[in-house]
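Shown below is the structure under consideration.
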Amino acid sequence: MPRPRFTALDPERRQAILDAAIEEFARDGFDGASYNQIIARAGISKGAMYYYFDDKADLYLTALGGMIERLFAALGELPSFDDARSFWGAMRALIARLLAFIADEPRLPGLAKSLLAPRDPALVEALAGYMGQTTGLVAGLVDAGQRLGAIRSDLPTPLLAHLLSGLGEALDRWLIDRWSELSADELAALPDLSANLFIRLAAPLPLALELLGAPSEPSS
């Protein structure tokens, strides 16, 4: 966590330091980013930086945490739902807002890339914490969806939550590696592509077929 001297800075000055860090981390990753280059880009002395942060990992996690706070602010409240179809409509809207945020903040994939295979113990610990929060959020959505008949109930809820979190992580890895290469048409198709993958995994089969517009299976 940043030291009190950093939180006491003027908000614009704080953000300028974090922006300098984000630019370096997004371009070169955590391991490749130069702490000295970040300090030079921020326009402060090395001594001042150590007044603000314990080390490079502390600075990285502060920058990432600020980005995540902005992401959740952009996502806003979950759209309301009261039946199975509106549940999945809400999920589609949530995914669309997430991808819109990434499109507006193209540094996020590069910043997050260091968390895919972290070697620094502080990053390993932070990743475990983020994954725990994500799994808890997904478990809550699974429970709500099951009560509406939107989510399959033939698997234990903890297992299904882990499967969905794993799918989300796989999508994250794919996007982080390829975001800059995607065409405008591919970017526009991402919300439906992502939502449909979750529907295929989590929705009861008859509902999934209806939502995906697939023909029903012939009766035996």
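The values are calculated or read from the model by the stated rules, or taken from the named source; none is laboratory data. What you see is a predicted model; the values in this text were computed from it and never measured. With ideal geometry, Cβ positions are generated from the backbone for all residues, glycine too; neighbour counts draw on all protein chains shown.
Could you check segment 32-87 and list, in sequence order, the residues that are farther than 16 Å from Asp120 by Cα, acidic (Asp, Glu) and touching a residue at least 60 places away in the same chain (Cβ under 8 Å)?
Of everything in segment 32-87, those that are farther than 16 Å from Asp120 by Cα, acidic (Asp, Glu) and touching a residue at least 60 places away in the same chain (Cβ under 8 Å) turn out to be Asp82, Asp83.
Residues to consider are Asp104, Asp120; find the one that is charged (D, E, K, R) and at pLDDT below 85. Spell out the reasoning first.
Details: Asp104 fails: at pLDDT below 85.
The conditions single out Asp120.
Look through segment 150-183, keep the residues that are at pLDDT 90 or above and of a type in the set (Gly, Ala, Ser), and return whichever of them is surrounded by the most Cβ atoms within 10 Å (Cβ to Cβ).
Ala150
May I ask you to list the residues in segment 73-85 that are assigned to a helix (DSSP H, G or I) and at pLDDT 90 or above?
Listed by number, the residues that qualify are Ala84, Arg85.
Each row is one residue, and each column tells you yes or no for (1) out of contact with any helix residue (DSSP H, G or I) (no Cβ under 9 Å at 6 or more places or on another chain); (2) farther than 30 Å from Leu197 by Cβ; (3) part of a helix (DSSP H, G or I); (4) modelled with pLDDT of 90 or more.
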| position | (1), (2), (3), (4) |
| --- | --- |
| Asp19 | no, yes, yes, yes |
| Phe25 | no, no, yes, yes |
| Asn36 | no, yes, yes, yes |
| Leu71 | no, no, yes, no |
| Phe87 | no, no, yes, yes |
